[in-house]
């Protein structure tokens with residue numbers, strides 16, 4: 001009900017006309033399909049194309065960062081540190097998505113910590129990347145990196161356990177090929193992570 005009711009309201013509003021003078025800026029007195037005809041306009045196509053580019057690029061960035069992190073957590077970290085490092089990746093997801101996104105405004109502003117640090121070492125004038133595509137990518141990657149790392153980490157540890165179990169119960173060559181290409185271990189988790 002909490003999912004269906006808001007979607008139903010949006011569908012009904014989609015048939016109305018925009019009216020900024022009202023509290024609810026939709027005029028439902030004359031319903032029409034005009035808004036659906038506007039979907040095929042050049043403006044909507046440009047926005048959709050830009051959104052798709054950002055989504056694909058951000059997913060690729062999350063995959064490029066998440067793959068080595070999940071591999072490192074699964075195979076290179078001792079059991080003692082694994083839970084701590086994995087929680088550092090996942091715990092930020094417990095905070096509100098909006099709060100995490102808006103929090104990026106502080107370090108990325110022209111007089112923020114990131115800009116001041118860069119001015120100390122690399123650049124001469126303040127760096128202002130708020131409102132740019134770079135800031136959008138930073139926020140998206142930060143917000144979704146935990147959702148990329150966790151499925152690949154689980155797939156890596158599951159395949160590792162299967163391999164160890166096979167070695168104990170049968171001959172060692174059963175897992176010989178997987179040790180030659182360890183990058184295949186997190187691969188089953190990359191599809192759910194990208195979705």
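The values are calculated or read from the model by the stated rules, or taken from the named source; none is laboratory data. All values reported here derive from a predicted model rather than from experimental measurement. Methodologically, a virtual Cβ is constructed for each residue, glycine included, from the backbone with ideal geometry; neighbour enumeration extends over all protein chains shown.
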If you go through the range 130-175, how many residues are farther than 15 Å from residue 67 by Cα and either touching a strand residue (DSSP E or B) at 6+ places or on another chain (Cβ under 7 Å) or modelled with pLDDT of 85 or more (or both)?
10
Right, residue 48: under 22 Å from the mean Cα position of the chain (by Cα), surrounded by 10 or more Cβ atoms within 10 Å (Cβ to Cβ) and not assigned by TED's automatic domain parsing to the domain that holds residue 147 or not?
yes
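If we only count helices (runs of 4 or more DSSP H) wholly inside the range 1-88, which ones have 3 or more residues that are under 20 Å from residue 157 (Cα atoms) and in contact with a helix residue (DSSP H, G or I) (Cβ under 8 Å, 6 or more places away or on another chain)?
Numbers: elements: 4-14, 34-38, 42-71.
It comes to 42-71.
If you scan the range 124-140, which residues turn out to be surrounded by 11 or more Cβ atoms within 10 Å (Cβ to Cβ) and free of Cβ contacts under 8 Å to residues at least 24 places away in the same chain? Don't jump to the end; show me each part of the working.
Initially, the range 124-140 is screened for residues surrounded by 11 or more Cβ atoms within 10 Å (Cβ to Cβ), giving 126-130, 132-140.
The answer is 126, 127, 128, 129, 132, 134.
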